[in-house]
1. With every protein chain left in place, what is the accessible area per residue of the chain in square angstrom, probe 1.4 Å?
2. Can you run phi through the Karplus equation (6.51, -1.76, 1.60; θ = phi - 60°) for segment 25-34 and list ³J(HN,Hα) in whole Hz, with x for Gly and Pro?
3. If you place +1 on the Cβ of every Lys and Arg and -1 on the Cβ of every Asp and Glu, how big does the dipole about the Cα centre of the chain come out, in debye to the nearest 20?
4. Would you kindly derive the ³J(HN,Hα) couplings of segment 59-69 from the backbone phi angles with the Karplus curve 6.51 cos²θ - 1.76 cosθ + 1.60 (θ = phi - 60°), listing them in order in whole Hz, with x for Gly and Pro?
5. Mind giving me the FRET efficiency for Asn53 and Lys73? R0 is 22 Å, r the Cβ-Cβ distance, nearest 0.05 is fine.
6. Can you find, among Phe59, Leu42, Ser81, the residue sitting farthest towards the positive end of the charge dipole of segment 30-82, where Lys and Arg contribute +1 and Asp and Glu -1 at Cβ?
7. Which three lengths, in whole Å and largest first, does the chain cover when its Cα atoms are put on their principal axes?
8. I'd like the carbon and sulfur percentage of the solvent accessible area for segment 19-82, probe radius 1.4 Å, heavy atoms only, ligands and nucleic acids excluded.
Amino acid sequence: MSGSDSDTFDSFDLSQSLVATRARRANAGNRLRVLLNAEEPLEEDEIFLEVENDQDFDFEKEERKKKKRKLMKIKRQQLKSS
């Protein structure tokens, strides 16, 4: 993290976050629980099977994409304001 990101994180007030301020939802995980319970469990030999067309996550590539999107957003804002 850059210095400014770190400062922002350090000064973040959790008591003002959505998680801390919204009412508790009693049914928040019910739908997911139903889906997970309905799922057939994998056999031990199926757990580590290779998936066809599986692509490894490339952190650097995703960071470059994120920076490019951010720059494009800044350029669009600059064009709108000029």
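The values are calculated or read from the model by the stated rules, or taken from the named source; none is laboratory data. Given the structure is predicted, the values throughout are model-derived calculations rather than measurements. Cβ atoms come from the backbone with ideal geometry, glycine included; neighbour counts cover every protein chain shown. Heads up: the accessible areas ignore ligands, DNA and RNA and are worked out on the full protein's heavy atoms, side chains in. Shrake-Rupley method; radii C 1.70, N 1.55, O 1.52, S 1.80 Å.
1. Normalised by residue count, the accessible surface of the chain is 109 Å².
2. 9, 5, 9, 4, x, 4, 5, 5, 4, 4
3. So the magnitude is around 1460 debye.
4. Values, residue by residue: 4, 4, 4, 5, 5, 5, 4, 4, 5, 4, 4 Hz.
5. Once rounded, the FRET efficiency stands at 0.10.
6. It is Ser81.
7. Here the Cα extents, ordered largest to smallest, are 58, 41, 28 Å.
8. Numbers: 3820 of 7280 Å².
C and S fraction of accessible area: 52 percent.
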